[in-house]
């Protein structure tokens with residue numbers, strides 16, 4: 001992301017719409033100066049050894065957090081303070097933690113006029129921290145942490161822990177603390193404010209094989225006989241603590257084969273003890289996970305409200321009564337989906353859903369829970385009820401969902417009356433389903449996430465936010481970002497994301513290493529979001545002979561091909577080298593990380609960077625091997641060896657993770673498959689999207705598609721391969737070209753080396769190396785001396801001789817005769833990044849690093865806002881203009897997501913993106929899967945060019961949620977590639 005921002009010109013930055021100045025991020029989700037210092041000064045309160053005092057009458061969660069604060073202060077200062085209950089040790093200045101209206105200690109301080117709580121009393125989850133003089137009789141001064149409610153107090157205590165240097169990820173990533181001899185609280189009044197989103201949390205989901213295999217070994221068996229182990233109250237204690245350290249308050253527990261309330265009868269009690277609000281996912285109504293039904297079916301056992309309503313209502317009633325009797329603080333999910341995260345078997349009529357929710361509400365009235373918060377989550381097919389006019393009761397929070405790939409599907413219609421229950425959001429950082437599972441590593445682009453969260457919040461979605469984080473571990477950075485943003489969106493403007501990442505890095509690795517760590521994480525976020533690692537062996541194309549809007553077979557999936565071009569624009573090499581370079585930088589930084597932080601660095605930074613680089617190298621070797629085998633190249637078998645070596649390196653990194661890292665703490669954690677997807681013959685019909693079930697067993701055929709080995713003849717035989725893949729003609733040469741220099745591969749199709757020679761038909765066309773010995777192959781670069789090349793178009797023959805054979809290839813030379821202005825056509829195209837416009841009208845928001853190749857722009861003003869791009873073309877006649885847009889859905893009222901494009905003031909052509917690609921955002925069909933898998937929505941219009949020379953391309957975003965990444969003008973030479981051609985040169 002930082003690299004993307006650095007590429008901007010000063011001019012392009014100056015014309016963007018200004019973003020209101022707000023406080024930047026801190027490690028707690030807001031812009032606050034740290035109120036803790038290692039240096040003494042006037043009015044500063046010494047923390048080292050200060051006793052911690054909490055009232056025994058306070059909430060259990062507040063009493064408990066005092067013990068965590070004790071441990072944290074002990075770790076940092078080396079002196080573990082005592083914890084007292086109501087009694088303050090004589091002669092010591094204490095830290096007093098408590099809740100207004102619940103703690104007699106806090107209430108007495110307030111009653112004496114020593115602490116003003118008028119700004120926080122009665123608010124939701126709000127804290128004040130203040131050094132108070134003479135707070136109580138006999139107490140000279142105290143550092144007081146007062147919460148407006150239970151979690152306000154808890155957040156205040158944990159905020160102090162973070163300020164002294166304890167990472168929220170200390171358990172999940174083995175982040176140590178930096179020892180500090182002294183700590184002082186600054187004088188003054190400190191607060192983190194009131195959260196802007198009321199309920200903020202995450203969903204632990206898709207937890208096999210990582211959590212599901214590791215947790216039973218680490219935490220032991222379940223507390224209830226016969227039920228799965230691992231995800232017991234000890235496990236959830238670690239989850240709850242991390243939540244609260246991150247200022248989260250809401251959890252959907254794991255669901256696949258697990259029942260939170262039954263696997264350990266202490267789970268709900270533990271949540272209450274910690275002060276965490278429990279919920280259930282979109283498929284688990286009335287505070288009961290679907291696994292409870294699977295274990296204890298009643299009546300017919302059929303999960304059908306039409307055919308088994310009495311049994312299902314009795315089942316729901318049990319859940320409500322349990323919630324009431326155990327006094328569980330929770331948000332109740334209403335509605336119903338099919339068993340197994342599918343649509344209902346009974347149909348999707350509004351009358352049915354209305355009957356279901358009416359029945360659930362009646363149960364809540366009868367059990368005294370009707371006033372508890374309730375939600376209906378519009379996940380996948382459930383959104384149809386809303387689209388078709390169904391509205392749940394006004395006090396129910398309507399939760400809109402993304403499409404599982406980070407693109408919201410619906411947002412509130414401003415023309416509708418305000419809802420008493422407000423609106424919520426369900427989002428994804430992890431997913432199981434079409435187009436492919438993505439579960440292995442963090443693949444989240446923070447700018448993309450920021451844009452969608454910001455859009456949702458500004459449209460009134462602020463009652464409840466929950467994000468699917470998979471196992472939680474592996475999604476640390478985006479999870480913390482999501483929760484920080486939910487706490488205070490205004491504290492993290494888009495231009496402050498880099499600052500936020502630096503703060504995250506400092507919290508885990510210290511200020512000295514933070515800039516370098518953050519730079520790695522930002523670049524990782526940018527590169528990883530180009531394509532999920534699980535999709536590196538799936539190429540998705542559109543059959544040009546079919547109508548994508550009506551024919552579902554128009555989109556073709558090929559799980560035996562790479563999406564990156566092996567022949568054009570050096571694409572496979574470019575993307576792989578990007579990862580190799582990032583891994584080298586991570587390796588260099590790793591050498592500077594102190595020993596105590598090595599395990600944390602491996603987990604939070606190094607592993608995901610290095611192993612992704614290994615996977616890219618493996619895929620390059622694998623697919624090049626397959627291509628070479630078809631050509632009979634002698635290098636084929638060597639590339640198979642390389643791929644197998646890289647596969648072994650991946651396995652070795654996983655083995656280190658599972659056996660050695662952190663002293664073996666993470667045994668059997670790193671088992672998530674990522675390479676063998678698509679192997680239908682081994683894994684069956686779900687293999688194109690579902691993870692392989694052998695967990696990456698180190699077998700050669702896990703590298704899918706399979707590697708090829710060939711038998712070479714004993715002699716030698718000349719083979720010639722050209723840049724671009726054409727057998728006879730190289731891509732056209734131009735002084736304006738942006739792509740890498742063209743090349744000729746001279747390769748051997750036998751086992752005996754031979755001498756070769758390359759000669760050109762023009763003295764101003766050069767080849768290097770022009771001669772030598774071919775063992776398996778030699779790549780020779782072709783260049784043009786443009787000082788001597790004639791103007792216009794010329795074709796130069798190039799002769800390759802070797803092993804008793806000669807091959808003549810052609811080199812088209814295009815030396816333009818028109819004067820260069822703006823972006824320059826070469827190789828049959830002009831490609832322009834969105835933010836490199838020539839002029840604009842209106843206001844546009846820069847979205848740094850959101851694109852697959854750079855930054856993005858989205859309109860801030862009206863529908864007439866436009867971007868102009870000046871370009872010089874050497875062609876005339878029809879050209880095709882392709883707009884590369886972020887794959888957004890039509891979230892606002894209207895018939896689609898629209899933009900318009902024109903050339904030289906011609907009538908603008910309006911494109912409805914969602915209709916033009918057939919990407920129906922309700923059904924999330926095959927076309928949608930293509931857009932989300934490719935992380936782009938490409939649509940094309942055709943325009944007439946009057947003649948060579950300077951022309952202006954104009955782009956208008958008719959819909960305010962359009963995000964433009966780049967524009968490509970195809971004058972007849974654009975090759976098929978994943979990222980599109982490199983950006984053209986500008987004059």
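Assorted remarks:
- Protection proxy ranking, peptides 253-265, 576-588, average beta carbon neighbours within 10 Å, highest first: 253-265, 576-588
- Of the residues 386, 214, the one with the fewest other Cβ atoms within 10 Å heads the list, and the complete ranking is 386, 214.
- The slack between residue 793 and residue 350, meaning 0.36 nm per residue of separation minus the straight C-alpha distance, is 152.8 nm.
- Gyration tensor verdict on segment 205-486 (Cα atoms; rounded if a/c is under 1.5, prolate if a/b is larger than b/c, oblate otherwise): rounded
- FRET efficiency, residue 577 to residue 786 (Cβ-Cβ, R0 22 Å, nearest 0.05): 0.25
- Sorting the segments 962-972, 176-186, 746-756 by their mean number of nearby beta carbons within 10 angstrom, highest to lowest, gives 962-972, 746-756, 176-186.
- Using R0 = 60 Å, the C-beta based FRET efficiency linking residue 314 and residue 710 works out to 0.35.
- Separation of segment 64-121 and segment 960-987, taken as the distance between their Cα centroids, equals 60 angstrom.
- Cα-based shape type of segment 628-709, given that a ≥ b ≥ c are square roots of the gyration tensor eigenvalues and the cut on a/c is 1.5: oblate
- Each part gets one Cα centre, and for segment 658-672 versus segment 575-602 those centres are 19 Å apart.
- With Cα atoms defining each centre, segment 875-952 and segment 750-795 are spaced 41 Å apart in the structure.
- If R0 equals 22 Å, the separation of the Cβ atoms of residue 67 and residue 87 corresponds to a calculated FRET efficiency of about 0.85.
- Estimated from helical segments only, the mean residue ellipticity of the chain at 222 nm is -8500 deg cm²/dmol, where each DSSP H run of four or more residues counts as -39500 (n - 2.57).
- Segment 121-218 shape via C-alpha gyration tensor axes, a/c threshold 1.5: oblate
- Those residues of segment 571-594 whose amide nitrogen sits under 19 Å from the label point placed on residue 779, 7 Å along Cα→Cβ: 571-584
- With both residues required to sit in segment 272-420, DSSP beta bridges show an antiparallel share near 25%.
- When DSSP beta bridges are restricted to pairs lying wholly in segment 205-486, around 15% turn out antiparallel.
- Antiparallel DSSP beta bridges within the chain, percent to nearest 5: 70
- Pair residue 910, residue 118: separation of 7 Å Cα→Cβ label points (nm): 5.6
- Residues in segment 321-345 reached by a label modelled at residue 269 [backbone nitrogen below 14 Å; 7 Å Cα→Cβ]: 326-328
- Placing pseudo-labels 7 Å out from each Cα toward the beta carbon at residue 868 and residue 680 gives an inter-label distance of 5.2 nm.
- Cα-projected label distance for residue 558 with residue 817, points at 7 Å along beta-carbon direction, nm: 4.0
- When each of the peptides 638-650, 387-399 is scored by how many other beta carbons lie within 10 Å of its residues on average, the order from highest to lowest is 638-650, 387-399.
Values quoted throughout were computed directly from the atomic coordinates according to the rules given, and no laboratory measurement underlies them. These figures come from a predicted structure and were not determined experimentally. Cβ coordinates were reconstructed from backbone atoms using ideal geometry, including for glycine residues, and neighbour counts include every protein chain displayed.
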